[in-house]
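This report refers to the structure that appears directly beneath it.
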Amino acid sequence: QVQLVESGGGLVQSGGSLRLSCTASGRISNIYNLGWFRQAPGKQRDRELVAVITGDGTTNYVDSVKGRFTISRDNDKNIGYLQMNSLKPEDTATYYCNLVLVISGGGHVSYWGQGTQVTVSS
């Protein structure tokens, strides 16, 4: 069983920075991708993909965070990161880490963390 724990959220002023961490425990192998999603207040059904890093290290970002956010991971420590700079009030959301592993037979299994709150004040 894989468990993900996010940390690093908090309250920051507009223009500030935060670094989120996603610590994975359990049997981690054959990573398909690691992603960060966010869910804004009042949008309980909409979870937006913010950034993703694939098994081979390719990264992709939603347009609204390009140039401000950086996703990375430390394979030795099983930790994923989301560096967030130049934060804006519209970045306020609960941020979730998602890990997708390739399983035998070519399928995938997805794990989620519990979320960490990021609040950006204007």
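Quick notes on this structure:
- Values of log10 I(q)/I(0) for the stretch 13-62 across q = 0.16, 0.22, 0.29, 0.32 Å⁻¹ run -0.66, -1.03, -1.16, -1.18, by the Debye formula with one identical scatterer at each alpha carbon and no solvent.
- Of all DSSP beta bridges confined to the chain, the antiparallel ones make up roughly 90%.
- Choice from Ile53, Ile28, Ile71 showing the highest fluctuation, given a GNM over the chain with Cα pairs closer than 10 Å: Ile28
- Placing a label point 7 Å from the Cα of Asn85 along the Cα-to-Cβ direction, the residues of the stretch 1-31 whose backbone N falls under 14 Å of that point are 15-19.
- Computed about its Cα centre, the charge dipole of the chain is approximately 100 debye, with only Lys, Arg, Asp and Glu carrying charge at their Cβ.
- Amide H contacts under 5 Å for Gly10, placed H, 5+ residues apart: Val118, Thr119
- Residue of Gln83, Gln44, Gln13 that the Gaussian network model of the chain assigns the largest fluctuation, springs spanning Cα pairs under 10 Å: Gln44
- A simple count of charges around Cys97, restricted to other residues whose Cβ falls under 11 Å of its Cβ and scoring Lys, Arg +1 and Asp, Glu -1, yields +1.
- Between Gly15, Gly67, Gly42, the Gaussian network model of the chain with springs among Cα atoms under 10 angstrom shows the greatest mean-square fluctuation at Gly42.
Coordinate-derived values only; no laboratory data. No experiment lies behind these values; they were computed from the predicted model shown. With ideal geometry, Cβ positions are generated from the backbone for all residues, glycine too; neighbour counts draw on all protein chains shown.
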